[in-house]
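*Asks:* The following block contains the structure, expressed as structure tokens.
The values are calculated or read from the model by the stated rules, or taken from the named source; none is laboratory data. From a predicted model like this one, the values you see are computed outputs, not experimental measurements. No Cβ is skipped: glycine too gets one built from the backbone with ideal geometry, and neighbour counts run over all protein chains shown. The accessibility values were calculated without ligands, DNA or RNA, using every heavy atom of the protein model including side chains. Shrake-Rupley method; radii C 1.70, N 1.55, O 1.52, S 1.80 Å.
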Amino acid sequence: MKNSMSELMKHLNESVKYIQSVCEAQPKVGIVLGSGLGNLATQIEVEKTIDYKDVPHFPISTVDGHFGKLVFGKLNGVAVFAMSGRFHFYEGYSPAQVSYPIRVMKLLGIETLLLSNAAGAVNPDYKVGDLMIINDHISFFMPNPLVGSNESLLGVRFPDMSEPYDKKIIEAAKKIGANFQIDLKEGVYTGVTGPTFETHAEYKLIKAVGGDVVGMSTVQEVIVAIHAGMKVFAVSVVTDLGIREDNNIITHEEVLQAANAAEPKLTKLLKELVVELVH
Ligand code: HPA
């Protein structure tokens, strides 16, 4: 076990070394773009793009709507490192692989992580296209990526999770929402493994336990980011209404379409937010 963890550090160092060898930028802000939300990357004044397949030990994304590129550049004048396309547990990656890029970001010097995702709403007040700031999460049978021996170079054995989503960043985002008339909900993200969408009974259960939206990503990345001492902010784009019972069939195409349609609002929010982060 001990050996496999040092193997992890060895791999991480090789990934980081490769990235540093092709790109000199040293951003402090990392961004993870969710399903159908990769267009935000087009707003980045690109300094360097790196294909995942060129980074040693990086997983490769297999899902439609995910591009599979690391983008270094300036978003609204602020140096950022964006992952266009993420890895999901349902693709067959281990939780440690899903969260591997977050650790790479940490070792590259990223201090604040902004994540986005597509999610289904179980809060009946939400509409398709709404943005929801995540203020807490429930891991709904998503395996914890920290299971296994702890790599103390990355973080402590028992990380506190009482406030994974940074309150100050949430407040800054809400101010931006008010200033730019972006309606922002705020609530709890429920992380599931997928790849099936939920049954009606499951959507009801998720609502009953306190979830507002449900999705197949983010939780494992956030756990690893908190373990590594990063500040985290995350937003869900509501792409479907899981709680509706009338002939409500949910498809991946519909999710991508709704995410694309709402993407300009998310882009605006993140463009303004990165400026606040460096002030
Ligand atoms: N459930 C789970 N994941 C999702 C959903 C959903 O309804 N919509 C987008 N991702």
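*Asks:* Just to be sure I understand, how many residues within the range 243-279 are open to solvent by less than 70 Å² (accessible area, probe 1.4 Å), in a helix (DSSP H, G or I) and free of Cβ contacts under 8 Å to residues at least 24 places away in the same chain?
*Replies:* 1
*Asks:* Name the residues in the range 110-128 that are within 14 Å of the ligand (Cβ to nearest atom), open to solvent by 10 Å² or more (accessible area, probe 1.4 Å) and either among the hydroxyl-bearing types (Ser, Thr, Tyr) or on the phi > 0 side of the Ramachandran plot (or both), would you?
*Replies:* Tyr126
*Asks:* Let me ask something else about it. Filter the range 30-54 for residues that are within 16 Å of the ligand (Cβ to nearest atom) and either open to solvent by 10 Å² or more (accessible area, probe 1.4 Å) or of a type in the set (Gly, Ala, Ser) (or both); which is nearest to the chain's Cα centre (by Cα)? I'd like the intermediate steps shown before the answer.
*Replies:* Restricting attention to the range 30-54, the residues satisfying the condition of being within 16 Å of the ligand (Cβ to nearest atom) are 32-38.
Subset that is either open to solvent by 10 Å² or more (accessible area, probe 1.4 Å) or of a type in the set (Gly, Ala, Ser) (or both): 34-36, 38.
Numbers: Gly34: 6, Ser35: 10, Gly36: 13, Gly38: 12 Å.
Result: Gly34.
*Asks:* So which residues in the range 226-242 are among the hydrophobic types (A, V, I, L, M, F, W, C) and either surrounded by fewer than 24 Cβ atoms within 10 Å (Cβ to Cβ) or in contact with a Leu (Cβ under 7 Å, 6 or more places away or on another chain) (or both), if there are any at all? I'd like the intermediate steps shown before the answer.
*Replies:* Restricting attention to the range 226-242, the residues satisfying the condition of being among the hydrophobic types (A, V, I, L, M, F, W, C) are 226, 228, 230, 232-235, 237-238, 241.
Selection gives Ile226, Ala228, Met230, Val232, Phe233, Ala234, Val235, Val237, Leu241.
*Asks:* Let me ask something else. Report whether or not Thr190 is surrounded by 15 or more Cβ atoms within 10 Å (Cβ to Cβ), polar (S, T, N, Q) and either closer than 13 Å to Asn123 by Cα or without any contact (Cβ under 8 Å) to a residue 24 or more places away in the chain (or both).
*Replies:* Working: surrounded by 15 or more Cβ atoms within 10 Å (Cβ to Cβ): yes; polar (S, T, N, Q): yes; either closer than 13 Å to Asn123 by Cα or without any contact (Cβ under 8 Å) to a residue 24 or more places away in the chain (or both): yes.
Yes.
*Asks:* Another one. Suppose the filter is more than 14 Å from the ligand (Cβ to nearest atom), acidic (Asp, Glu) and out of contact with any His (no Cβ under 9 Å at 6 or more places or on another chain); does Asp183 pass it? Reasoning before the result, please.
*Replies:* On the way: more than 14 Å from the ligand (Cβ to nearest atom): yes; acidic (Asp, Glu): yes; out of contact with any His (no Cβ under 9 Å at 6 or more places or on another chain): yes.
Criteria met by Asp183.
*Asks:* Output the number of residues of the range 188-235 satisfying the condition of being within 13 Å of the ligand (Cβ to nearest atom), on the phi < 0 side of the Ramachandran plot and not in a helix (DSSP H, G or I).
*Replies:* Here the count works out to 17.
*Asks:* In addition: Can you report the number of residues in the range 151-175 which are outside any loop (DSSP other than H, G, I, E, B) and more than 14 Å from Phe233 (Cα to Cα)? It would help to see each step written out before you state the result.
*Replies:* Quick first cut of the range 151-175, residues outside any loop (DSSP other than H, G, I, E, B) only: 167-175.
With more than 14 Å from Phe233 (Cα to Cα) added as a condition, the list becomes 175.
The qualifying residues number 1.
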